[in-house]
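Below: one structure, written as structure tokens.
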Amino acid sequence: MSYNIGQINSGYVSLSAAGLAEGTNANTFKTANTLTYTSNGVFKAKSATDNLAFSSGQAALAASQACLFGVWVDSAGTVTTSQGPIVAAGDPCPVPGAPAAGVTLVGLIKVTTNASTTFTPGSTDLGAAGVTDAYYDCMVMPGSAQ
């Protein structure tokens, strides 16, 4: 059986690992590698980019909570994030939805707070004491919680 690109995530696929990691500046993340991806079936590339910001309007995590943030890129190379549901630390984190149509998933950032720390996207550093961050490069959205 064979599939064409239109059958795989409707033509929005990451074809290389972006190398998601904590950004150099406070409160940011980065892609350490050039990302090759498709946008509506058309090949695109996004150079490694440091100091990317979380999209506005995302909810803060209280102490002992966790969630996944989706990192997305559009056909113009603009990077945005979306937030999945916030759950208790230690529980599986449901995957987030796309922030808009026409974006390709780059990867996921999982943020977990300890019993005495909170996390506000864009205001709290990913390397702050009490914040645990994990990065997942993705081809398409995983089918279940992480």
Residue-wise, which Karplus ³J(HN,Hα) couplings in Hz belong to segment 45-60, taking 6.51 cos²θ - 1.76 cosθ + 1.60, θ = phi - 60°, and x for glycine or proline?
9, 10, 5, 3, 9, 9, 6, 7, 9, 5, 5, 6, x, 9, 6, 6
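Counting only heavy atoms of protein chains, what accessible area per residue, in Å², does segment 60-146 have with a probe of 1.4 Å?
On the way: 3500 Å² over 87 residues.
It amounts to 40 Å² per residue over segment 60-146.
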List every residue whose amide H lies under 5 Å from the amide H of Q65, counting only residues 5 or more places away in sequence or on a different chain, with H placed 1.01 Å from N in the peptide plane.
A89, T113
Roughly how many nanometres apart are two label points built 7 Å out from the Cα toward the Cβ at M139 and S64?
3.9
How many angstrom separate the Cα center of segment 87-146 from the Cα center of segment 10-67?
11
Karplus-derived 3J(HN,Hα) from phi for segment 12-18 (6.51 cos²θ - 1.76 cosθ + 1.60, θ = phi - 60°), whole Hz, x at Gly and Pro, runs 10, 9, 7, 9, 8, 7, 6
Rolling a 1.4 angstrom probe over the protein chains, ignoring ligands and nucleic acids, what is the accessible area of K46 in square angstrom, nearest 10?
50
Counting Lys and Arg as +1 and Asp and Glu as -1 over every other residue whose Cβ sits under 12 Å from the Cβ of A21, the net charge comes to -3
Where does the chain land on Rg/Rh, using Cα atoms and the Kirkwood Rh?
0.98
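The values are calculated or read from the model by the stated rules, or taken from the named source; none is laboratory data. All of these numbers come straight from a predicted model, not from anything done at the bench. Don't worry about glycine lacking a Cβ; one is built from the backbone with ideal geometry, like all the others, and counts go over all protein chains shown. For accessibility, only protein heavy atoms count, side chains too; no ligands or nucleic acids. Shrake-Rupley method; radii C 1.70, N 1.55, O 1.52, S 1.80 Å.
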